[in-house]
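Below is one structure, written out as C-alpha cells, with a few remarks after it.
The values are calculated or read from the model by the stated rules, or taken from the named source; none is laboratory data. Everything numeric here is computed off the predicted structure, so don't read it as measured data. Note that each Cβ is placed from the backbone with ideal geometry, even for glycine, and that neighbours are counted across all protein chains shown. Ligands, DNA and RNA are excluded from the accessible area calculation, which covers all protein heavy atoms including side chains. Shrake-Rupley method; radii C 1.70, N 1.55, O 1.52, S 1.80 Å.
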Amino acid sequence: MFKFLKKKFKNFEEAIEEEVKKAVETGNGGAEAAADEIATAPESKSKKISEKAKKKVEEELRKSLELEKEIGEKKKASLTISEKKLEELMWDLEMGLLEADVALPVVEDIKNSVKSQLPYISRKNAGKAVEETLRKAIEKILSTSEKNFDEFLKESKKPVVLMFVGVNGTGKTTSIAKLAYRLKKQGFSCILGACDTFRPGAIEQLELHANKIGVKLIKHDAGTDPAAVAYDAIEHAKAKYKDVVLLDTAGRMQTNVNLMDEMKKIKKVANPDMIIFVGDALTGNDAVEQARKFDEVVGIDGIILNKVDADAKGGAALSIAYTIGKPLLFIGTGQGYDDQIVFTPDWMIKRLFD
C-alpha cells in the first residue's frame, strides 16, 4: 500500500542527506579558523597598549567571539546546499509526486512547505529532519480530511438521509452495504433505497446485501423514476422511526448531462443531509477530477475511496480531500463488510513514513 509514494519520499530524504555530507566534507574548518584568528590576533597587540586599552580590547574581543560563535552555530545548523542543486532535488521530488498520481495543487503545496523549511534543517541527522518536514507538509494536506462522521450522525435530526454518487465500477453499492453494516453494529436502524433503476442487476445486488446484513430495502421496478424510490424510502423511514436512509444512485460519468440532471432531481426530492462521493483509488487523478465535477453539479459533502489496499501509488488518497475541500470519510480496504474503515491523517502518515 502506497509503496511508490513512500519510496519517492525516501529517495528525497536520502538525496538531501547525501548532499549535506558532501557539503560538510568540503567545507570543514571555515568558522573555526575564523574564530581562532580573532582570538589570537588581539593577544599580541595587547602587550603594546595600556592596561585601560587592554580591558577595552578584551571586552571587544569577548563580544566578537560571542558573535562569531553565534554565526558559526547558525552555519553549522543549516543546510549548505547550492541553490542549483536544491532546485534539482525539488524537481525530482515534484516528478516523483506526479508519477504517484498526486494532484498538481497538492504537489505545489508540498514543495512550497518543504522548500520554506529546508534552510532551517540541521546538518546533523539531515535525513530524519527532512522526513519530519515532509510529515508536517503531509499533515497540513490531510487536515482537510478531518470530519467526525459518527458525531454528525448522532447530532443530526432523524432520519438522516445519505445520498451516494459516483461513476460506474467504483464499488458504490458495496460501500453502501458496508456502511449500513457498520451503522447497524452501532445501534442505528437503516433503510436502503434502490434508486439505481438503470443498471441491470443493480436492484438485485442491493437486495442481496440488504438480506445479508438484515436491513429493509425500498425498491421499485427497473426503469422507474429513481426520485420516486428516494421519496418512498424516506417516507417509510419517517413512518417507522428509522435512523438512517442510504440512497444508492445510478453510476454515471460526470460528462453525461442527462444522467447528471437526473441526479439533481433525486437531490431535490430527497433533500439529503449528506451527499457522499464514492471513488476508486486505482484511477488516481481521475478520481479527483470525478469528485470535482460531481461537487460542481450536485455538491458533495464527503468521500469514500475504495480499493486503497491495492493502491501502490497513494496519490488519490493524498489529493482528493485537499483538492476539492471535502473530507475523506472512509476508505475501502477489501471486500468484507468490515473492510471499510474511518480515514484519519495519522493512518496514512504512518503508512508513508513508518
Fill in the blank from the handout: Share of accessible surface on carbon and sulfur in the stretch 119-163, whole %, 1.4 Å probe and ligands ignored, is 45
Practice task
Could you sort out which of Lys184/Lys350; Lys10/Lys350; Lys22/Lys313; Lys8/Lys350 sit more than 25 Å apart by Cα distance in this structure?
Solution key: Lys184/Lys350; Lys22/Lys313
Completion exercise
Here FRET efficiency (C-beta to C-beta, Ser143 to Val297, R₀ 22 Å, nearest 0.05) is 0.25
Handout entry: Förster radius 45 Å - calculated FRET efficiency between Glu207 and Lys7, Cβ distance, rounded to 0.05
Key = 0.55
Practice task
Find out how many positive minus negative residues lie around Ile331, taking Lys and Arg as positive, Asp and Glu as negative, among other residues whose Cβ is under 15 Å from that of Ile331.
Solution key: +2
Practice task
Apply the Karplus parameterisation 6.51 cos²θ - 1.76 cosθ + 1.60, with θ equal to phi minus 60°, to every residue of the stretch 174-180 and state each ³J(HN,Hα) to the nearest whole Hz, in sequence, with x for glycine and proline.
Solution key: 5, 4, 4, 4, 4, 5, 4
Fill in the blank from the handout: Taking Lys and Arg as +1 and Asp and Glu as -1, residues besides His209 with C-beta under 11 Å from its C-beta add up to -1
Exercise for the section: Calculate, in nm to one decimal, what Asp286 and Glu87 gain on full extension: separation in residues at 0.36 nm each, minus their alpha carbon distance. Expected result: 68.7 nm
Completion exercise
The Rg/Rh figure for the stretch 214-354, Cα atoms and Kirkwood Rh, to two decimals is 1.00
Practice task
Report the label-to-label distance for Ser116 and Asn258 in nanometres (one decimal), using points 7 Å from each Cα along the Cα→Cβ vector.
Solution key: 4.9
Completion exercise
Taking a crude spin-label model, label points 7 Å out from Cα along the C-beta direction, the Asp309 to Arg351 distance in nm is 1.1
Problem - FRET efficiency, Asn125 to Gln335 (Cβ-Cβ, R0 41 Å, nearest 0.05) - result: 0.45
Problem - Counted charge near Ser145, where neighbours are those whose Cβ lies closer than 12 Å (Asp, Glu -1; Lys, Arg +1) - result: 0
Fill in the blank from the handout: For Val165, the residues 5 or more places away or on another chain with a placed amide H closer than 5 Å to its own amide H are Ile276, Phe277, Val278
Practice task
Could you pull out the pairs from Lys157/Lys219; Lys7/Lys185; Lys140/Lys293 whose alpha carbons sit more than 27 Å apart here?
Solution key: Lys7/Lys185
